[in-house]
Amino acid sequence: MAHVQKTIDFGGKPLTFDTGKMAKQANGAVFLSMGETSLLCTVVSTLVAKPNQPFFPLSCDYFEKFYAAGRIPGSYFKREGRQAEHEVLISRIIDRPCRPLFPEGFMAETQVNAMVVSYDKLHDTAAMAVIGCSAALAISNIPWNGPVAACRVGFVDGAYICNPTPAEKAGSALDLFVVTGPKGIVMVEAGANFVSEEVMIGALLFGEAQCKPVIAAIQALAVECGKPKFNFVPAAVDELLVAACREFAYEKTKVAVVIKDKHERYAAAAMIKAETVQALSDRFPGRDGEIKDIVDHFKDEICRKQIVEERCRLDGRKLDEIRKITIETGVLKRAHGSALFTRGETQALVAATLGTGHDEQRIETLNGTEPRRFMLHYNFPPFSTGEVKPMRGPGRREIGHGALAWRGIQPSLPSFEMFPYILRSVSEVLESNGSSSMATVCGTSLAMMDAGVPVSCAVAGIAMGLVQEGDKFGILSDILGDEDHFGDMDFKVVGNSEGISALQMDIKIDGLSKQIMEEALGQAKAGRLHILGEMNKALARERPELSQYAPRIFTILINPERIKDLIGPGGKNIKSIVATTGAQVDVEEDGTVRVAAIDNDVAEAAINMVRAFTSEAEVGKDYDGVVTRIAEFGAFVRIMPGTEGLVHVSELSEDRVESVESFCKLGDEMKVRVINVDRMGKVRLSRREAMGGAPRPMPTRDGGGDRGRGGDRGRPGGGDRGRPGGDRGPRDGGGDRGPRPEASSAPRERAEGGQERRERRERPAE
């Protein structure tokens with residue numbers, strides 16, 4: 001294949017397609033670049049299916065290589081491992097618009113990959129991954145009815161932005177990801193800060209317009225260098241077999257599909273398929289699977305016709321009717337908050353947990369390590385649908401549904417500064433017949449309020465569907481699992497009474513008109529308001545108190561310069577607080593200290609220890625201290641953890657002190673008063689004043705007067721500095737080293753400074 005490079009303008013930025021140079025053994029490969037961000041997108045297919053292959057084995061994967069951002073992975077093995085959650089979500093974003101565009105009946109094993117190999121932290125790799133994989137499929141010989149294109153849309157100051165930068169996204173009220181095909185929108189993912197339906201529709205139309213030049217560029221690239229498509233011929237329909245099945249099973253299926261109970265309906269349908277196989281086995285031997293598929297198709301045909309023409313659904317509801325809702329809160333006594341949300345045959349048990357800063361999730365991405373303070377985990381055990389399957393952790397579906405619910409709930413939660421808790425919600429889907437992710441949204445909102453989290457509003461979600469036959473269509477509220485299966489669109493809307501906080505659409509038809517979008521979002525709002533009303537009956541606002549089992553978090557502020565004193569060498573001090581009290585202590589760079597404990601007494605003890613390590617000495621205040629060192633010129637006394645000061649020999653007693661060592665010993669308790677704290681933070685103490693002695697007078701500076709407590713510094717016109725001619729006292733310990741009323745204070749000051757210099761030399765580095 002010849003090397004071809006094509007550059008187009010995409011939202012005001014150059015987008016470059018490069019093919020024919022890399023990965024030439026793949027069926028299709030495109031090196032896509034925007035700025036300094038580049039992805040290698042490849043597609044490979046066996047083209048021929050295995051015999052009796054029952055499903056389409058398509059895999060779509062997105063990978064981020066840490067070298068792309070000049071980083072080394074932080075894992076123990078220092079190499080990329082299994083996909084992270086955000087990589088799984090982007091893999092789903094590639095899969096969902098691409099999968100429906102493969103020909104009906106194409107069952108060959110096919111693999112679509114996108115790798116981020118260069119990243120400048122400015123350009124959106126998710127949109128580039130969809131575009132690159134679409135281009136690789138378009139130029140390959142794999143049969144596919146694309147292309148598609150994607151863009152991200154922001155909304156800042158009333159204007160839409162195509163592919164906003166991270167800085168622009170931070171100030172955007174909307175984060176919309178839209179994928180379009182040649183005939184219109186095919187997939188949507190959105191998170192928003194409760195924007196109106198009008199803003200959302202405008203964003204969808206704006207995104208669709210931005211994608212059109214990209215689709216045209218991919219089509220031109222396929223014409224220029226695309227391979228001839230593999231001639232896939234779907235299996236011919238056996239009209240005799242279809243007619244025989246219709247004669248035997250069609251009317252019976254019409255009766256079965258209106259059974260309201262899911263399991264009874266499924267049992268009746270299974271019985272009809274078994275009877276049909278038995279009745280036709282002689283005429284069509286060995287074709288049991290085809291017979292069952294044809295009878296299943298009858299069910300879809302009947303239900304779609306009933307919706308469009310009779311405006312009635314298979315469980316008897318009107319198109320906009322919501323199933324019965326029942327709600328219980330506080331069902332789990334030891335959980336911090338809980339809710340059991342049931343809507344028809346869908347039920348979610350949701351538990352909310354309040355944690356401390358130690359529970360914060362750290363996510364490693366190409367942008368670096370990012371904190372996550374709210375986590376939402378969605379679990380879908382097989383018993384929820386009456387099935388037997390191995391339970392091996394969350395799959396892509398569970399991760400995707402959890403992310404959708406997370407986006408919907410996040411805008412309603414308080415900021416960490418307002419409510420300094422790490423929040424986790426876990427949804428256990430106990431029953432499922434449509435819209436379990438939206439039950440998770442409702443249950444999470446209720447569980448958070450039950451936990452006492454001061455949310456800004458209640459949030460509800462609803463799943464909608466669409467059936468379109470020609471010019472006729474029906475929009476369905478609160479869809480069932482079957483309606484999701486045979487419908488033309490599945491879209492989920494999350495929000496409060498004012499606007500939308502999350503949106504997800506998967507569209508199976510060619511394009512989506514503005515009329516359908518407006519009617520669908522309007523009907524979804526009506527359904528959402530109904531659900532919010534039912535939620536309000538169960539729990540109108542958050543509980544006034546936290547659960548007795550939730551940790552209490554107390555916030556105090558300390559001088560940032562004292563953080564090192566709180567932490568201590570090697571974390572010694574903060575570890576001692578945790579070990580002594582059992583509380584958790586988190587410290588931030590601005591001096592914010594958060595103390596968490598379930599018991600208030602434990603928290604109070606920890607707070608007192610924090611204050612003890614970080615309190616600053618107050619001039620004039622008395623402290624009960626402990627002698628830590630003894631020098632010839634005085635004693636050093638620790639008045640609080642991390643703070644000690646000098647009691648000069650002259651401040652030990654009103655009486656003359658001949659020897660500091662004879663007056664006090666290491667470990668002696670001593671009541672002292674703070675008499676001075678200088679600009680360097682050095683503390684001077686007085687035992688004499690703490691015991692009732694009068695403060696020394698503060699002479700003026702005129703004529704060589706005193707500069708502080710003590711005597712003259714011995715400047716001209718003043719007292720003696722202790723040089724030759726002045727009395728410093730003998731060094732044999734028998735003379736007087738204490739101050740005399742007329743003596744200068746300078747020798748004492750130099751002695752103190754010299755002692756501290758000696759200590760800095762002797763003290764081990766911290």
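The values are calculated or read from the model by the stated rules, or taken from the named source; none is laboratory data. Predicted, not measured: the structure shown is a model, and the values here were computed from it. For neighbour counting, all protein chains shown are included, and Cβ atoms are generated from backbone atoms with ideal geometry for every residue, glycine included.
Among the candidates VAL683, VAL647, VAL672, the residue that is touching a Leu at 6+ places or on another chain (Cβ under 6 Å), surrounded by 14 or more Cβ atoms within 10 Å (Cβ to Cβ) and under 28 Å from VAL593 (Cβ atoms) is uniquely VAL672. Any residue in the range 584-597 that is out of contact with any helix residue (DSSP H, G or I) (no Cβ under 9 Å at 6 or more places or on another chain), of a type outside the set (Asp, Glu) and not assigned by TED's automatic domain parsing to the domain that holds VAL683? Yes, there is a match, as at least one residue in the range 584-597 is out of contact with any helix residue (DSSP H, G or I) (no Cβ under 9 Å at 6 or more places or on another chain), of a type outside the set (Asp, Glu) and not assigned by TED's automatic domain parsing to the domain that holds VAL683.
Scanning the range 434-466 for residues that are of a type outside the set (Val, Ile, Thr) and surrounded by fewer than 24 Cβ atoms within 10 Å (Cβ to Cβ) gives GLY452, PRO454, SER456, CYS457, ALA458. Looking for whichever is in the same structural domain as PHE416 (by TED's automatic domain parsing), small (Gly, Ala, Ser) and farther than 26 Å from CYS98 by Cβ here; the options are ALA458, ALA463. Which one fits? Of ALA458, ALA463, the one residue that is in the same structural domain as PHE416 (by TED's automatic domain parsing), small (Gly, Ala, Ser) and farther than 26 Å from CYS98 by Cβ is ALA458. The condition of being within 24 Å of GLN548 (Cβ to Cβ) and either part of a strand (DSSP E or B) or not basic (Lys, Arg) (or both) holds for only one of THR342, THR353, THR326, that being THR353.
When the range 456-480 is examined, which residues are found to be among the hydrophobic types (A, V, I, L, M, F, W, C), in a loop (DSSP other than H, G, I, E, B) and either under 18 Å from ASP315 (Cα atoms) or over 29 Å from the mean Cα position of the chain (by Cα) (or both)? ILE479, LEU480 - these are the residues of the range 456-480 that are among the hydrophobic types (A, V, I, L, M, F, W, C), in a loop (DSSP other than H, G, I, E, B) and either under 18 Å from ASP315 (Cα atoms) or over 29 Å from the mean Cα position of the chain (by Cα) (or both). Looking across the range 566-582 at every residue that is polar (S, T, N, Q) and without any contact (Cβ under 8 Å) to a residue 40 or more places away in the chain, the one that is nearest to PRO641 (Cα to Cα) is identified as SER576. Scanning the range 482-496 for residues that are touching a strand residue (DSSP E or B) at 6+ places or on another chain (Cβ under 9 Å) and outside any strand (DSSP E or B) yields a count of 6.
Residues of the range 221-249 that are surrounded by fewer than 15 Cβ atoms within 10 Å (Cβ to Cβ), not β-branched (Val, Ile, Thr) and not in a loop (DSSP other than H, G, I, E, B): GLU224, GLU239, LEU240, ALA243, GLU247.
Apart from one condition, PHE636 fits all of (1) assigned to a strand (DSSP E or B); (2) more than 52 Å from the chain's Cα centre (by Cα); the exception is (2). Condition first: more than 25 Å from GLY226 (Cα to Cα) and surrounded by fewer than 13 Cβ atoms within 10 Å (Cβ to Cβ). Can you find one or more residues in the range 17-36 that meet it? Among the residues of the range 17-36, at least one is more than 25 Å from GLY226 (Cα to Cα) and surrounded by fewer than 13 Cβ atoms within 10 Å (Cβ to Cβ), which makes the answer yes. Among the residues of the range 168-191, is there at least one that is hydrophobic (A, V, I, L, M, F, W, C), over 22 Å from LEU15 (Cβ atoms) and buried (at least 23 other Cβ atoms within 10 Å of the Cβ)? Yes - at least one qualifying residue is present in the range 168-191. In this structure, ILE630 does not qualify as within 30 Å of THR356 (Cβ to Cβ), outside the structural domain of ALA335 (by TED's automatic domain parsing) and in contact (Cβ under 8 Å) with a residue 24 or more places away in the chain. Inside the range 583-622, residues that are in contact (Cβ under 8 Å) with a residue 60 or more places away in the chain and in a strand (DSSP E or B) make up a count of 5. Listed by position, the strands (runs of 3 or more DSSP E) contained in the range 1-66 that have at least 2 residues being among the polar types (S, T, N, Q) and in contact with a Ser or Thr (Cβ under 6 Å, 6 or more places away or on another chain) are 37-45. Among the strands (runs of 3 or more DSSP E) confined to the range 85-176, there are none with at least 3 residues that are of a type in the set (A, V, I, L, M, F, W, C) and under 29 Å from ALA236 (Cα atoms). If you go through the range 365-396 and keep only what is surrounded by 11 or more Cβ atoms within 10 Å (Cβ to Cβ) and among the charged types (D, E, K, R), you end up with GLU370, ARG372, ARG373, ARG396. One residue alone among LEU512, LEU480, LEU532 is modelled with pLDDT under 90, of a type outside the set (D, E, K, R) and outside the structural domain of MET200 (by TED's automatic domain parsing), and that residue is LEU512.
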